[in-house]
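What follows is a set of notes on a single structure, which appears directly below.
The values are calculated or read from the model by the stated rules, or taken from the named source; none is laboratory data. Just so it is clear, the model here is predicted, and its values are computed rather than measured. Positions of Cβ are generated from backbone atoms using ideal geometry, with glycine treated the same way; all protein chains shown enter the neighbour counts.
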Amino acid sequence: MSNKHETNVRKGTLVNFQIGLIASLLFTYVMFEVYTSEPIDKTLDKQIVLEDESLIWNEQFAVYQEPEQKVVAQKRPEPIPDPTEFEVVEDDKAIDDLTNEFKSEKPPVESKPFNPDALVDDEEEEIPTNVPFSIVEDVPIFPGCEGLKTNKERAACFSEKISKIISKKFDTDLGRDYGLEGVQRIYTLFDVAADGTIKNIQVRAPHPKLKKEAERVIGLFPKMTPGKQRKRPVTVKYQLPIVFKVQN
């Protein structure tokens, strides 16, 4: 009985040894396959150009030739005269045309002296007949401002004189009489004509009565010395605002 048991144990040990040996060999084989396999080159998917066809020598030679140079036309300078080549004239040779050689003529003298004022322009400058007060060369002169010398002083005197007339003669009570309130603005425009009189009075007012009053007061302005453009009397336009507050 014991011999049979020992035989079975020996057989089982041998089988286990063989199984372990086979497993070890398989494991070793697999490991060799894994570590010795060639790596996959992903760049093989791309197209690789081994050589450029344009660089392949066709075994033919070309002889180099220099490019032809363009001929540029050059302007030849005029020859310099030789100072040694001249005509020799004898000292005692008479000059037949001596009078013409040394003839001196005086410039012609005009019989009348030059007068610049006698020049007449082909086209006379057109002078406007109606000029704004702000740009006229000589402003109209209000009576009492004749002694002032500059145009700026006369313009200031003109404005001061008419402002005094407006403040004294304009009836500001009309606004209260007709139910107006607050600040009233009246815009006027008139001409100082070429003869110095006041003409073409234009008024824009918030009430017809105020318009009529403004026309009346401007008509009280005296005759003036007319304004001038290019030293000629012209009509001068003047704007006059009238502003007052209705007192309740």
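Can you tell me how many residues in the stretch 171-226 are in contact (Cβ under 8 Å) with a residue 40 or more places away in the chain, farther than 30 Å from ASP138 by Cβ and in a helix (DSSP H, G or I)?
Total meeting the criteria: 3.
So for the stretch 158-178 (the condition being at positive phi and either at pLDDT below 90 or surrounded by 13 or more Cβ atoms within 10 Å (Cβ to Cβ) (or both)), does at least one residue qualify?
Among the residues of the stretch 158-178, not one is at positive phi and either at pLDDT below 90 or surrounded by 13 or more Cβ atoms within 10 Å (Cβ to Cβ) (or both), which makes the answer no.
Can you name the residue in the stretch 132-157 that is part of a helix (DSSP H, G or I) and among the small types (Gly, Ala, Ser) and, of all such residues, is surrounded by the fewest Cβ atoms within 10 Å (Cβ to Cβ)?
ALA156
Kindly indicate whether ILE201 is in contact with a strand residue (DSSP E or B) (Cβ under 8 Å, 6 or more places away or on another chain), under 24 Å from SER134 (Cβ atoms) and surrounded by fewer than 19 Cβ atoms within 10 Å (Cβ to Cβ).
yes
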